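So the structure is just underneath, and the comments pick up after that.
The values are calculated or read from the model by the stated rules, or taken from the named source; none is laboratory data. If you're wondering where the values come from, they're calculated on a predicted model, not measured in any experiment. Using ideal geometry, Cβ is built from the backbone for each residue, glycine included, and neighbour counts are taken over all protein chains shown. For the accessible areas, the whole protein counts, side chains as well, though only heavy atoms, and no ligand, DNA or RNA atoms are used. Shrake-Rupley method; radii C 1.70, N 1.55, O 1.52, S 1.80 Å.
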Amino acid sequence: MSRKMLGKRIVFSVISLVWGFISLDYLYYAFRLLTGAANDSGAYRPQKEGLLQLAGAVMFLLWFFVLAVYRYVIQRNTIQIDLVEKEEKTGKDRIKRKKFDVILQAGLLITGGLLRWAYLLLIYFPKH
């Protein structure tokens, strides 16, 4: 693997870890807006709560859109090596797509979220 590819993989790995770490709070905030958890009065006012719920839904959709764009960027900037295999039954060549970098970055994204969760459970919540 070249230094350039290794550098890209390291940059994507750092971005994935940080994004996973931050995503937990972002998605929690979007969920609170979407469900109207900040409404203490019990009265529903569409001008306020309805707009906040809409903002929460847009935040969720924006997170998924950024995830799709990030996956596209990873696929375009990393080496995607196809593996040619022969099928046992037919003897024809079959191309198996390898998506190592996408799977690696998804794992790091989840790891970042788990690290944030562990921080909250082990350090933040016991102090408060």
Legend entry - C-alpha long axis of helix 100-119 to longest principal axis of the chain, angle in °: 30
Inset, instruction - Express in Å², to the nearest 10, the accessible area of residue 125 obtained by rolling a 1.4 Å probe over the protein heavy atoms while all chains stay in place. - result: 100
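Can you give the accessible area per residue of the chain, in Å², using a 1.4 Å probe?
So the chain comes to 76 Å² accessible per residue, rounded to a whole number.
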Inset, instruction - Compare the Cα positions of 102, 21, 117 along the charge dipole of the chain (+1 at Cβ of Lys, Arg; -1 at Cβ of Asp, Glu; about the Cα centre) and return the one farthest towards the positive end. - result: 102
Inset, instruction - Net charge near residue 55: determine it from the other residues with C-beta under 13 Å of the C-beta of residue 55, scoring Lys and Arg +1 and Asp and Glu -1. - result: +1
Inset, instruction - Could you tell me which of 31, 58, 7 has its Cα farthest along the dipole of the chain towards the positive end, charges placed at Cβ (Lys, Arg +1; Asp, Glu -1), taken about the Cα centre? - result: 7
Inset, instruction - Using a Förster distance of 22 angstrom, determine the FRET efficiency expected from the C-beta separation of residue 87 and residue 2, and round it to 0.05. - result: 0.10
Inset, instruction - Order 15, 79, most accessible first, counting only protein heavy atoms with a 1.4 angstrom probe. - result: 79, 15
Legend entry - Largest to smallest accessible area among 45, 9, 3, 76 [probe 1.4 Å]: 3, 76, 45, 9
Legend entry - Global form of the chain, assessed from the alpha-carbon gyration tensor, a/c cut-off 1.5: prolate
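Keeping all protein chains in place and using 1.4 angstrom, which order do 11, 102 fall into by accessible surface area, from largest down? All intermediate terms of the calculation are to be shown ahead of the outcome.
Numbers: 11 85, 102 25 Å².
Greatest to least solvent exposure: 11, 102.
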Inset, instruction - Could you tell me what percent of the accessible area of the chain is made up of carbon and sulfur, with a 1.4 Å probe and every protein chain present? - result: 68
